[in-house]
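Colleague: There's a structure below that I have some questions on.
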Amino acid sequence: MATAYAPDRLQRRVMFAMDFRDPVTGLPVNADLEVAAEGLGPPVRARSGLFAWFDLDPPAAREIRVSATSRSRSFADFEEVISTPEHVPGIPASSLVMPRVLRPTGLYAPPEGMTAVAGWLVEEESGPPVAGAEISLAFRHAGNQDFVSAYKAVTDTAGGFVAVANDLGDVKPDAPPPRSDADLMGWLSIANGAPPARFTSFLPLRAGRLVRLAAPLRWKDLETMSPP
């Protein structure tokens, strides 16, 4: 009588996993990304959105250079040297997960239903783009109160940005004056390095929609005070 043998089982340990997130929605970003780890093979894609790599023998703490590229160019390229812990018995799974927030570019498409403004920032007329500036959407509400979104878009290398009000909550922006083409009274608050910030005038915004500015914002022409 032949003896039945159970097949050998390969015990595989996770070395580390990358958890890339969209800063606007807080959700995982996976289908749009090409991810690689220097010296390792392609990652294993988990249903949760994690990109994981299996450990090497013997287990050890390692420095691994990880890169991620957005196929749609909606997010800036990511590259970082990740410090991975030694995989010892009983190590918490959370210690092996490396959460990172990606940076949207001017090509980012916000979710439907969010009020947003897309545009680009330059130094002056026909001047170079301004990269690395932080831009927030702001609104007038309750007649005399200002709301500034906590989300800060960062201009990309071409000066492009998509500012999103993803935290309005119960705030109801004031309506514009009669006969206006806009739905909301809003503007942009822009920080470019050292304070103070600068501001646009009121913009023709649409509630729950993305508005794309037709002309670039010129840093030197922006106001030093928010709209009255």
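Colleague: Using the alpha-carbon centroid of each, what span in Å lies between region 82-102 and region 152-228?
Modeller: A separation of 39 Å, based on Cα centres.
Colleague: How much of the accessible area of the chain, in percent, comes from carbon and sulfur atoms when a 1.4 Å probe is used?
Modeller: About 54 percent, which is the carbon plus sulfur part of the accessible surface.
Colleague: Filter the trypsin sites (Lys or Arg not before Pro) in region 18-53 to those in DSSP coil with at most 11 other Cβ atoms within 10 Å of their Cβ, and list the result. If you can, show how the numbers build up before the last one.
Modeller: Values: sites: ARG21, ARG45, ARG47; in loops: ARG47.
Filter output for region 18-53: ARG47.
Colleague: Still on this structure, please answer the following. Compute the length gained on full extension between PHE199 and ALA175: take 0.36 nm times their separation in residues and subtract their Cα-Cα distance, giving the result in nm to one decimal.
Modeller: 6.7 nm
Colleague: Loop only per DSSP, at most 11 neighbouring Cβ atoms within 10 Å: give me the GluC sites (Glu not before Pro) in region 125-228, ordered by residue number.
Modeller: GLU125
Colleague: Next up: Quick one: 3J(HN,Hα) in Hz for region 85-94, Karplus 6.51/-1.76/1.60 with θ = phi - 60°, rounded, Gly and Pro as x.
Modeller: Computed from phi, the couplings for region 85-94 are x, 5, 7, 9, x, x, 5, x, 4, 5 Hz.
Colleague: Do any trypsin sites (Lys or Arg not before Pro) in region 178-228 lie in a loop, going by DSSP, with at most 12 other beta-carbon atoms within 10 Å of their beta carbon, and if so which?
Modeller: Details: sites: ARG179, ARG198, ARG206, ARG209, ARG212, ARG218, LYS220; in loops: ARG179, ARG206, ARG209.
Passing sites in region 178-228 are ARG179.
Colleague: Compute the distribution of all C-alpha to C-alpha distances in the chain, in bins of 5 Å from 0, and list the percent of pairs in each, rounded to whole numbers.
Modeller: 1, 6, 12, 15, 13, 12, 10, 8, 7, 5, 4, 2, 1, 1, 1, 1, 0, 0, 0
Colleague: Mind telling me which of LEU50, LEU40, LEU168 comes out most flexible in a GNM of the chain, alpha-carbon contacts under 10 Å?
Modeller: Result for the chain, Cα springs under 10 Å: LEU40 fluctuates most.
Colleague: Something else: List, in order, the whole-Hz ³J(HN,Hα) value for each residue of region 221-228 obtained from phi through the Karplus relation with A = 6.51, B = -1.76, C = 1.60 and θ = phi - 60°; use x for Gly and Pro.
Modeller: Result, rounded to whole Hz: 9, 6, 7, 8, 10, 5, x, x.
Colleague: Given a Förster distance of 41 Å, report the FRET efficiency between GLU38 and ASP167 from their Cβ-Cβ distance, rounded to the nearest 0.05.
Modeller: Calculated value: 0.65.
Colleague: Next question. Run the numbers on the chain and let me know its relative contact order in percent, using alpha-carbon pairs under 8 Å that are six or more apart.
Modeller: Once normalised by length, the contact order is 17 percent.
Colleague: Same structure again: If you plug each phi of region 182-198 into the Karplus form 6.51 cos²θ - 1.76 cosθ + 1.60 with θ = phi - 60°, what whole-Hz ³J(HN,Hα) values come out, in order, with x for Gly and Pro?
Modeller: 3J(HN,Hα) across region 182-198, in whole Hz: 8, 9, 10, 9, x, 8, 10, 9, 10, 10, 10, x, 5, x, x, 6, 10.
Colleague: Here is a follow-up. Treat each spin label as a single point 7 Å out from the Cα along the C-beta direction, and report the LEU56 to LEU213 distance in nm.
Modeller: Label-label distance for LEU56 and LEU213, simple model: 4.8 nm.
Colleague: Shifting gears a bit: Give me the distance in nm between label points sitting 7 Å out from Cα along the Cα-to-Cβ direction at GLU86 and ASN144, one decimal.
Modeller: Modelled inter-label distance: 6.5 nm.
Colleague: Please calculate how many Å² of accessible area region 77-228 carries per residue, with a 1.4 Å probe and no DNA, RNA or ligand atoms counted.
Modeller: Numbers: 8240 Å² over 152 residues.
Per residue, region 77-228 has 54 Å² of solvent-accessible surface.
The values are calculated or read from the model by the stated rules, or taken from the named source; none is laboratory data. Since this is a predicted model, take the numbers as computed values, not measurements. Heads up, the Cβs are rebuilt from the backbone with ideal geometry, glycines too, and the neighbour counts pull from every protein chain shown. For accessibility, only protein heavy atoms count, side chains too; no ligands or nucleic acids. Shrake-Rupley method; radii C 1.70, N 1.55, O 1.52, S 1.80 Å.
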